[in-house]
Every structure is written in structure tokens, then in C-alpha cells.
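The values are calculated or read from the model by the stated rules, or taken from the named source; none is laboratory data. Just so we're clear, the structure is a prediction, and the values are computed from it rather than from any experiment. All Cβ positions, even for glycine, are placed from backbone atoms using ideal geometry, and neighbour counts span all protein chains on display. Please note that ligands, DNA and RNA were not included when accessible areas were found on the heavy atoms of the full protein model with its side chains. Shrake-Rupley method; radii C 1.70, N 1.55, O 1.52, S 1.80 Å.
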Amino acid sequence: MTKSVDLRQEMHLSSFGLKCVAIIAMTIDHIGYLLIPPDKSMLFRMVGRIAFPIFCFLIVEGYFYTRNITKYALRLFAFALISEVPYDLAVKKSVFNMSRQNVFFTLLIGLLTIAFINKCTGSFLSIAKKYKPKTARLVFFISVLAFICSFATLASLYLALKLRVDYSLIGLPTILSFYVFRRYQVVGLSSIAFINLRLSGGFQAPAVLAAIPLLLYNGEKGKPMRWLFYIFYPAHLMCLYLLRLLIY
């Protein structure tokens, strides 16, 4: 019995463990995309689909566990800028190309959106608790809150599409879904299937497999390696770009 319990505990993944799974999947995906001919890279690309939902999930968890949301956002923005040249070199084969922006911008927009919505919701709850408005006013306040949150969501989605950030169409909905259904794990994970299959089609279908490592999440931080993904993302893109130059 003890061995069975220990085995289940060992199978659980901390935030650090999830980052490692996502980084490995992302690297496999990028190897397939950048180094392997398209007709032979499908398996690599399929494995890579699970990375982005995990990163979206971790952005939401990071928001709730961070001590300073401003520093968190600035850190994402700084590495979005740092990563843009390696990203453009690897993906667009040029030093600077505005036709598409790296995934850090997507995660940043998602973080700012849920931070704004959470702030508005918190303010509303504080007012409601303090003044205890009657039903008519309560309905009015809820309607105003829903309008503000919906407008913020649409504005963020427009910004993502306008900037042409990576995963622009499915990035924000995925982050918002994990935020809204954070206490309802099954619903939140089910949304991965709906968002990826409905909005992106067959190519994104393997993203539903991200639910497997996410179900193993134990809510713990794990090893304190905050900078792992931040540094790895631009570094691995630059390495793959240089490797492609040597191969081709």
C-alpha cells in the first residue's frame, strides 16, 4: 500500500515539472519545424502541440502565486523583446520581421488581461460586500462588470491579432479558460479540446494531450528555477538557427 501511494506521489508534477514537460515538447516541435523537412516532421509537430496549453496554464498559476504582478509582467515583456531577434532569425530568416511576434507577447497579453479582470472582479466584490446593494442595483453592477470584462477580453484579442503574436487566436481564450475554470479542473482541461479543435482545426488536435501532465499537477512550485524558460526560449531558438545554417 505504501509503495502504491509513493508511486502516485512520484507521478505528480510540480510547476517546475510542468515547465520541463512543456520545454521538451516545445524543443521537439521546433526541431521538427526548423531542421526537418515538412514531409517528415509531422510526429515532431504533433508532440509539440502539448507545450502551449501547459505554458498558458502556468501563466495563470504564476499570476496567483506571484508576489509582484508588475515585475512578473515586466519580466515577460523584457524577454519578449530579447527573444524577438532569435525568433525572427529562426522562423523568418531575418534579423527583424514584424509579420509575426514570439509567444512571450501572447503570454504577456494574457497575463495583463486576467490581472485586469481579476482586479475589476475583486473591486466589485468589495463594493457588494460593503454596501450590500439590493437586487436591482446588484444586477446593474453585475452587468457593468460583465461588460467591462468582455470589452477587456475583446480588446486584448484584437491587440493579439493586430500584433500577429504567436498563437494569437487560441492563446488568449486558453489563458482565460484556465483562469475562469481554475477551481473546476475537468472543465478547464476540457476547454483545451474545444478551443484547439474549434478555433484551429486538425493540426492543433494533439494539444488535448496536454491534459495528461496537467492532471498530474500537484499545486506545488517545485525547484526554484524561475529563469529556466525565460532564458531557454531565446537560447534554443538561436541554437537551432545556427544549427540550421550548418546543416543547410
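Tabulated values for the structure
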| read-out | value |
| --- | --- |
| Among 88-97, 25-34, the order from most to least packed when residues are scored by Cβ within 10 Å on average | 25-34, 88-97 |
| Under the Debye formula (equal points on every Cα, no solvent term), log10 I(q)/I(0) of the range 120-189 at q = 0.20, 0.21, 0.28 Å⁻¹ | -0.92, -0.95, -1.13 |
| Helix-derived mean residue ellipticity, 222 nm - over the chain, DSSP H n ≥ 4, -39500 (n - 2.57), to 500 | -24500 deg cm²/dmol |
| Label-point separation in nm, residue 137 to residue 121, each point 7 Å along Cα→Cβ | 2.4 nm |
| Per residue convex hull volume, Cα atoms of the range 166-239, in Å³ | 124 Å³ |
| Among 76-82, 103-109, the order from most to least packed when residues are scored by Cβ within 10 Å on average | 103-109, 76-82 |
| Lysines with Cα under 23 Å of residue 129, excluding same-chain neighbours fewer than 8 positions away | 119 |
| Additional length obtainable on full extension of the chain from residue 98 to residue 128, 0.36 nm per residue less Cα span | 6.3 nm |
| Solvent-accessible heavy-atom area per residue, rounded to whole Å², over the chain at 1.4 Å | 58 Å² |
| Relative packing of 51-61, 227-237, 146-156, which averages over residues the other C-beta atoms within 10 Å, highest first | 51-61, 227-237, 146-156 |
| FRET efficiency, residue 243 to residue 197 (Cβ-Cβ, R0 22 Å, nearest 0.05) | 0.10 |
| Cα convex hull volume per residue for the chain (Å³) | 161 Å³ |
| Across 19/223; 71/93; 19/162, pairs whose alpha-carbon gap is larger than 20 Å | 71/93; 19/162 |
| Stretchable slack from residue 228 to residue 151, in nm (0.36 nm times residue separation minus alpha-carbon distance) | 24.3 nm |
| Stretchable slack from residue 209 to residue 158, in nm (0.36 nm times residue separation minus alpha-carbon distance) | 15.5 nm |
| Label point distance in nm, residue 186-residue 43, each placed 7 Å from Cα along Cα→Cβ | 3.5 nm |
| Apportionment of accessible area to carbon and sulfur, the chain, percent (1.4 Å) | 69 percent |
| Vicinal HN-Hα couplings computed from phi for the range 211-225 (Karplus, 6.51 cos²θ - 1.76 cosθ + 1.60; Hz; Gly/Pro x) | 4, 5, x, 5, 5, 8, 5, 9, x, 9, 6, x, 5, x, 10 |
